[in-house]
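The values are calculated or read from the model by the stated rules, or taken from the named source; none is laboratory data. Note that the structure is predicted; figures quoted are calculated from it, not measured. Cβ placement follows ideal geometry from the backbone for every residue including glycine, while neighbour counts extend to all protein chains displayed. Surface accessibility is based on the protein's heavy atoms, side chains included, excluding ligands, DNA and RNA. Shrake-Rupley method; radii C 1.70, N 1.55, O 1.52, S 1.80 Å.
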Amino acid sequence: MGDDDLCFVDAVELARRVRVGEVSAREVVGAHLGRVGRVNPGVNAVVSVDGEGALAAAGLADERLAGGGDVGPLHGLPVAFKDTHLTRGTRTTLGSRVFAEWVPDEDELVVARMRAAGAVGFGKTNVPEFGAGSHTFNAVFGVTRNPYDLGRSAGGSSGGAAAALAAGLQPLADGSDMGGSLRNPASFCNVVGLRPTPGRVPSYPAANAWDSLTVPGPMGRTVADVALLLSVIAGPDPRCPLSLDTPPASSFRAPLERDTRGLRVAWAPDLGGRVPVESDVRDVLDRQGAVFEALGWRVEEDCPDLDGADAVFRTLRAQAFLLGLGPLLDEHRELLKTSVVWNIEEGRRLTGADLAAATAEHTRVLRAAVGFFERYDVLIAPVSQVAPFPAEWEYPRVVDGQAQETYIDWMRSASYVSLLGGPALAVPAGFTEAGLPVGIQIVGAPRAERAVLEVGAAFEAATGWGRRRPAL
C-alpha cells in the first residue's frame, strides 16, 4: 500500500492496523506528513506543523506498544488540532493577529483526551478569526481552500479540519460548533461532522461554563470514525456543570449497523419555509427521497416550531462574543476583522430584557422540540443553504434571490438547529452538477447521539457518497 492509500484508510481500520502491528505509528505519521508536504500548500488546511516532534512522539508510541504497554483507541493516529483549541507547547493563534505567537501552557480538554487516547499531534487546523463565520480565512495564515475545488470555500469554522480530512492529511479531527461550525464544513468538504448534545463533550476552559450554544465535537470521513472519536472526547468533567455521564462514552464505539426500516422521519428541506435554499442544493436534496424509500423509512414533511429561532440565536451569539472577546475590542480594535467587531458591539447593545426574552423563547423552542421528537425518530434537513462558494467572498450575500444582511444570516439552516438541544450529524449526500459536495443533517432528540449515528451509518451505507475523493 502506497503512502497516499494509507492516508485514506478509515480511522477505525487504521487504528486497528497500528494496534496489531501491521503498520507502525511512525510509518502512519510519516505518510501523513509526506502528504501534508505535497498537498497542503494548495489547500492550506494545516498550520503550525511540527513534523519532527510528531515523528518523535510516534516513535515513543511504537516503543510503548512493543513493550506491552496499554494503548488507547487512537494510538498512533496523527491529528492536527483545531486552532481555536488550546494546545500546550504548540502555537494557538485563534486565527487572530492578537494571538499570532501565543503558545498556551495547557491543553483544551478535548485535546487532552485525544492525546491520552494515543493521538499524535502534528500541528493545528486553520480557522476563521476567533472561529467567527463559516468560511475559513484569517490575517495570520490566509484562506483554506476546498479540496474538491481549490477556488471554493471549505466552510468554517472547522474548515481547516474538514479540508484536512477530505485531502487525506489526517484521519480524524476535533472541531466545535455554535451555528454550524462542525456541520457546514463537513457538508462543503464531503466528510462527516457531529454537533453533540450540549454537555456530551464538555468544554474546558470556557468563558461561560453554562453555555449550551457552543459545543466541541468530532469529525471524520465516515460515521464510524466520528463515533470512535466521540467515544474518546465524551464523558463528564467536574469543571463542566452541564456535562453528561450516560451512556458510557465507550458505548459509542460499538458497531452502528441496525435495521432502520420503519424509521419515523420528519423531512424539512427548507425548515418549513423558513430558509431560502439555492437550486443546486435543492436538486441534491430532492434526490434523497429515493434513498429514504429504499431504506424503508416513513417520511413526512414536517419541521419543529422555530419561529423565534433567529432572534434567540443572534442574541445568544452576541452575548457570547461580548463575554469572550469584549475586552479585545477596547485593546485591539484595529486588529479585529469587521464582522467580529460588529458581533461584539451587538453584544454591548443587549439589554437585560433582550436576554430574558431570548432565554424564554429558547426554552419554548426546546420544549416544542421534545414533543416533536416524540412523534419522529429524526429530523432530516439541509446542512447548508448553498454549495461551496468562491473563496474570495467573505460570505454569500444573496441566497436564492434573498439578500443576506450579515455574515451569519446564510447559515440559518444550521444555526436554527443548534437551538433544538440534540445531536445533529452532517453526512455526505451527493454533488451538484458542478461537482461540489452537499450534505444533509440528521437531527435527534437531546442525548440521542447513538440513534443519530446509527441512522447516519444506514444512510451512508446506502449512498456511499463519502467515498468520493478529491483529485489532489
So, first residue over 18 Å from residue 187 (Cα atoms) in the stretch 446-472, second residue β-branched (Val, Ile, Thr) and surrounded by fewer than 18 Cβ atoms within 10 Å (Cβ to Cβ), Cβ within less than 9 Å, six or more apart or across chains; the pairs are 446/370; 447/246
Is it the case that some residue within the stretch 119-138 is acidic (Asp, Glu) and open to solvent by less than 20 Å² (accessible area, probe 1.4 Å)?
-> yes
Go through the residues of the stretch 234-250 one by one and say whether even a single one is among the hydroxyl-bearing types (Ser, Thr, Tyr) and in contact with a Pro (Cβ under 6 Å, 6 or more places away or on another chain).
-> yes
Members of the stretch 124-142 found to be more than 18 Å from residue 79 (Cβ to Cβ) and either in contact with a Cys (Cβ under 9 Å, 6 or more places away or on another chain) or among the charged types (D, E, K, R) (or both), listed by number | 129
Contacts under 6 angstrom Cβ, first residue in the stretch 1-22 being closer than 18 Å to residue 62 by Cβ and free of Cβ contacts under 8 Å to residues at least 60 places away in the same chain, partner open to solvent by less than 90 Å² (accessible area, probe 1.4 Å) and of a type in the set (Val, Ile, Thr), 6 or more apart | 17/23
Of the conditions (1) under 24 Å from residue 216 (Cα atoms); (2) buried (at least 17 other Cβ atoms within 10 Å of the Cβ), the single one that residue 65 does not satisfy is (1)
Taking the stated definitions as given, is residue 58 of a type in the set (A, V, I, L, M) and in contact with a His (Cβ under 9 Å, 6 or more places away or on another chain)?
-> no
If only one of 426, 445 is open to solvent by 10 Å² or more (accessible area, probe 1.4 Å) and on the phi < 0 side of the Ramachandran plot, which one is it?
-> 445
Please find, within the stretch 221-280, the residue that is least open to solvent (accessible area, probe 1.4 Å) out of those that are assigned to a helix (DSSP H, G or I) and within 23 Å of residue 296 (Cα to Cα).
-> 223
Could you tell me which residue of the stretch 354-379 is nearest to the chain's Cα centre (by Cα), considering only residues that are over 23 Å from residue 453 (Cβ atoms) and acidic (Asp, Glu)?
-> 361
Does residue 76 count as among the small types (Gly, Ala, Ser) and modelled with pLDDT under 95?
-> no
